[in-house]
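K.L.:
Here it is: the structure, laid out below.
The values are calculated or read from the model by the stated rules, or taken from the named source; none is laboratory data. None of the values given here were measured: they were computed from a predicted structure. Counting neighbours? That spans all protein chains shown, and the Cβs are built from the backbone with ideal geometry, glycine included.
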Amino acid sequence: MKKVLFTMLALVTIASLAAACAAPAPAPAPAPAPAPTPAPAQPQVYTLKMAVGHADMAIETIRGHRPFIEEVERESEGRIKIDFFPGGSLVKHRDTPEALLAGVSDIGQCLIGYHPDLFPMEDFALLPGMVDENHEIVQIQYELNSKGWFDKNYENLGFMWLGYNGNVGYIMYSKSKKVMSIDDMAGLKTRVPGKAAIPLITALGGEPREVSAGEIQDALQKGMLDVVLHSPNAFLTYKYYEVADPGYAINPGVGFAGFNNVLVAGKAVYDMPPDLQNILRIAGIKWGWNICHAYTQFANKVKPFFDTHPTLSYITWDAKEKERLVEASKPVWEIWAADLEAKGYPARQLLDEIRQMKEARNKPLAVK
């Protein structure tokens, strides 16, 4: 009996196993859905405010500021966007450093002569006889920077310099008096571009007045100025001749003064990645040269314009007056250097280096 039961149990077990083997395998569990590919991170866009004193249609804007903005936005592939505020609409020209430090603007052009306390040695370009050709003085500025003359000062101020421009030597515009010599300058209210030019005008018998470029024509109309020291191209840009009576351009043969501008950026640019800072620097250097070219082209038009105008005249001082101006300029250089040396700046060393640079170009300084 036990044998029969064992045999029946074995048959049932075998049948069960066969049935199990014949049954279809269960469907596999579905594979988990792949994780979605994360979207590429969008690059940060830096929006900067650029504020300048030049009008929207000024030559500096057309040839310098707007091309600078276009290049920066293009080369950064949209990672830098610049909002432009021309004509002092956001910041007055003289207030540029303070606006940059306060974050009111992020990029601006400083006329160095307006701020001798901030740029104590860089206003060397205002010294009489220093500037003849603007491209040269800007190249000298870059060479001095490469030797470390000014970078530390910018760093201490919290600025980053982006580029420089400058102008040809300043000549003189007289509203009504025919200034044929130094003696004719006695008592004339004379606009100067910065403090470094004040000692010369004082030595020549004039009465120096610091007036911003945008305010000169109004000052001429109101009798606050008799004479303007300015770049030749400004005579046409600002149309001083419209208040002429009869109006003279006076070229002494040695620049009364000169100027250099620096395009600077504030803290917002320091916080940007190095590749974007480099884009700003490259565009800034081009900005400077573009404006230099524009100034030179305009300066070359001044004499023909005055010579052919029915009421205007262009006067060139003779060799004797030129030499008198050079002699009168020598103490001005010494005053400038002595003042800075007393404040701890190596001004005489700077002048010696500039002299060597000029001599290496076979263009020695008129003032020895």
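K.L.:
Take the stretch 353-363 and flag every residue that is surrounded by 12 or more Cβ atoms within 10 Å (Cβ to Cβ) and either more than 27 Å from the chain's Cα centre (by Cα) or assigned to a helix (DSSP H, G or I) (or both).
P.N.:
Within the stretch 353-363, GLU353, ILE354, ARG355, MET357, LYS358 meet the criteria.
K.L.:
Working carefully through the options LEU90, LEU101, find the one that is hydrophobic (A, V, I, L, M, F, W, C), at pLDDT below 95 and either surrounded by fewer than 21 Cβ atoms within 10 Å (Cβ to Cβ) or in a helix (DSSP H, G or I) (or both). Please lay out each step first, then the result.
P.N.:
On the way: LEU90 fails: at pLDDT below 95.
None of the others qualify; the one that does is LEU101.
K.L.:
Here's a follow-up. Step by step: first the residues of the stretch 60-85, then only those that are outside any helix (DSSP H, G or I) and not β-branched (Val, Ile, Thr), then the one that is farthest from ASN278 (Cα to Cα). Which residue is that?
P.N.:
So, considering only residues that are outside any helix (DSSP H, G or I) and not β-branched (Val, Ile, Thr), the one farthest from ASN278 (Cα to Cα) is PHE85.
K.L.:
Give just the number: which of (1) farther than 14 Å from ASN260 by Cβ; (2) more than 17 Å from the chain's Cα centre (by Cα); (3) of a type in the set (Gly, Ala, Ser) does GLY169 not satisfy?
P.N.:
(1)
K.L.:
Could you check, for the stretch 40-59, whether at least one of its residues is at pLDDT below 95 and not in a loop (DSSP other than H, G, I, E, B)?
P.N.:
Yes: one or more hits.
For (1) aromatic (Phe, Trp, Tyr); (2) modelled with pLDDT of 80 or more, each residue gets a yes or a no:
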| residue | (1), (2) |
| --- | --- |
| LEU225 | no, yes |
| VAL228 | no, yes |
| PRO232 | no, yes |
| TYR238 | yes, yes |
| TYR241 | yes, yes |
| ILE250 | no, yes |
| ASN260 | no, no |
| LYS267 | no, yes |
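K.L.:
I've got another one for you. Need the failing condition index for GLY205 against (1) surrounded by fewer than 19 Cβ atoms within 10 Å (Cβ to Cβ); (2) small (Gly, Ala, Ser); (3) touching a Leu at 6+ places or on another chain (Cβ under 6 Å), just the number.
P.N.:
The single condition GLY205 does not satisfy is (3).
K.L.:
Report, by residue number, each residue of the stretch 270-291 that is modelled with pLDDT under 90 and either surrounded by 15 or more Cβ atoms within 10 Å (Cβ to Cβ) or of a type in the set (Ser, Thr, Tyr) (or both). Please lay out each step first, then the result.
P.N.:
Step one: filter the stretch 270-291 for residues modelled with pLDDT under 90, giving 270-271.
Correct list: TYR270 only.
K.L.:
Output the qualifying pairs, or none if there are none: Cβ atoms under 7 angstrom, residues six or more apart or on different chains, first residue in the stretch 136-164 and closer than 23 Å to ASP271 by Cβ, second residue assigned to a helix (DSSP H, G or I) and charged (D, E, K, R).
P.N.:
ASN145/ASP151; PHE150/GLU122; GLY158/LYS267; LEU162/ARG281
K.L.:
Quick one: which residue in PRO193, PRO274 is within 26 Å of GLU98 (Cα to Cα) and without any contact (Cβ under 8 Å) to a residue 40 or more places away in the chain? Talk me through it step by step, then tell me what you get.
P.N.:
Details: PRO193 fails: without any contact (Cβ under 8 Å) to a residue 40 or more places away in the chain.
Unique residue meeting the criteria: PRO274.
K.L.:
Here is a follow-up. Search the stretch 209-228 for residues that are among the basic types (Lys, Arg) and pair each with any residue that is in a helix (DSSP H, G or I) when their beta-carbon atoms are under 8 Å apart and the residues are at least 6 apart or on different chains.
P.N.:
From residues that are among the basic types (Lys, Arg), the pairs are ARG209/ALA219.
K.L.:
So LEU312 passes all but one of these: (1) within 30 Å of GLU70 (Cα to Cα); (2) buried (at least 16 other Cβ atoms within 10 Å of the Cβ); (3) of a type outside the set (Gly, Ala, Ser). Which condition number does it fail?
P.N.:
Going through (1) within 30 Å of GLU70 (Cα to Cα); (2) buried (at least 16 other Cβ atoms within 10 Å of the Cβ); (3) of a type outside the set (Gly, Ala, Ser) one by one, LEU312 breaks only (1).
K.L.:
I would also like to ask the following. Report yes if ASP245 is more than 26 Å from HIS54 (Cβ to Cβ), in the same structural domain as SER313 (by TED's automatic domain parsing) and modelled with pLDDT under 85, otherwise no.
P.N.:
Against the criterion (more than 26 Å from HIS54 (Cβ to Cβ), in the same structural domain as SER313 (by TED's automatic domain parsing) and modelled with pLDDT under 85), ASP245 qualifies.
K.L.:
If you don't mind, there's one more thing I want to ask. Any idea which of (1) over 21 Å from HIS115 (Cβ atoms); (2) modelled with pLDDT of 90 or more is the one ALA299 doesn't satisfy?
P.N.:
Of the numbered conditions (1) over 21 Å from HIS115 (Cβ atoms); (2) modelled with pLDDT of 90 or more, the odd one out for ALA299 is (2).
K.L.:
Select, from THR202, THR190, the only residue that is β-branched (Val, Ile, Thr) and part of a strand (DSSP E or B).
P.N.:
That would be THR190, the only listed residue that is β-branched (Val, Ile, Thr) and part of a strand (DSSP E or B).
K.L.:
With respect to ALA41, determine if the residue is closer than 30 Å to ASP339 by Cβ and free of Cβ contacts under 8 Å to residues at least 40 places away in the same chain.
P.N.:
In short, no.
K.L.:
Could you pull out the residue among ALA19, ALA27, ALA15 that is in a loop (DSSP other than H, G, I, E, B), of a type in the set (A, V, I, L, M), modelled with pLDDT under 95 and over 45 Å from the mean Cα position of the chain (by Cα)?
P.N.:
ALA27
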